[in-house]
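Remarks on the structure that follows.
The values are calculated or read from the model by the stated rules, or taken from the named source; none is laboratory data. Keep in mind it's a predicted model, so treat the numbers as computed, not measured. Cβ sites come from the backbone with ideal geometry, for glycine too, and all protein chains shown count toward neighbours.
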Amino acid sequence: NDRLQGGDGDDLIYGEAGDDVLGGGNGNDRIGGGDGNDLIYGDAGDDILGGHAGDDKLYGGDGNDKLYGDDGNDMLFGGNGDDWIEGGAGDDRLWGDAGADTFAFAASSGKDTIMDFNPLVDRLVLNGQRFTMHDTPEGLQLDLSGGGAVVIATIHASSFSSAWIVG
């Protein structure tokens, strides 16, 4: 169980096994949580955050960040900036926050929920997967051909636009 904090430069931080609290500080940082239920803060800068195994919470902070939840039921918060957010395996909850965010989904990515999709600026990357869609009590659900599903909590099928899908 580590508690590591980067400084003003571009830091490389890896928590290894255990439940870690990791922060990047200022700079363009690369932070990986390893095994365990990690809490990771990118802070300022264009950061790359990876939760890896466990039920992790990733906070991008300011900047154009890339967040990867990997295994586990993760919570990813993009923060300010135009972020790339990919939950990975498990049932994840995703927030882009401010900025034009991209939410990416690979085959067999679990059932992920986008909590704050902004149809004016946010986009989806489905990696070539086909989908069927239907409304659920949680919002619009896209069932992906590669396995898994995406729920867009703020949208219903009647307002869906194929322009949201960019890959």
Can you name the number of the only condition in (1) of a type in the set (V, I, T); (2) modelled with pLDDT under 95; (3) outside any loop (DSSP other than H, G, I, E, B) that T154 fails?
-> (3)
Checked pairs for the range 140-155, first surrounded by fewer than 21 Cβ atoms within 10 Å (Cβ to Cβ) and among the small types (G, A, S), second part of a strand (DSSP E or B) and modelled with pLDDT of 95 or more, C-beta under 7 Å and 6 or more apart or across chains, list as S145/F131; A149/K111; A149/Q141; A149/L142; A149/D143; A153/T113; A153/I114; A153/G139
Which members of the range 69-99 meet the condition of being more than 14 Å from G110 (Cα to Cα) and under 8 Å from the mean Cα position of the chain (by Cα)?
-> L76, F77, G78, W84, I85, W95, G96
Consider L58 carefully, then state whether it is closer than 23 Å to L22 by Cβ, of a type in the set (A, V, I, L, M, F, W, C) and in a strand (DSSP E or B).
-> yes
Quick one: would you say G90 is more than 21 Å from D20 (Cα to Cα) and either part of a loop (DSSP other than H, G, I, E, B) or among the polar types (S, T, N, Q) (or both)?
-> no
If we keep just the residues of the range 93-125 that are in contact with a Lys or Arg (Cβ under 9 Å, 6 or more places away or on another chain) and part of a loop (DSSP other than H, G, I, E, B), which is surrounded by the most Cβ atoms within 10 Å (Cβ to Cβ)?
-> D101
Here the residues within the range 123-167 that are out of contact with any strand residue (DSSP E or B) (no Cβ under 9 Å at 6 or more places or on another chain) and either among the hydroxyl-bearing types (S, T, Y) or at positive phi (or both) are G128, G147, S161, S162
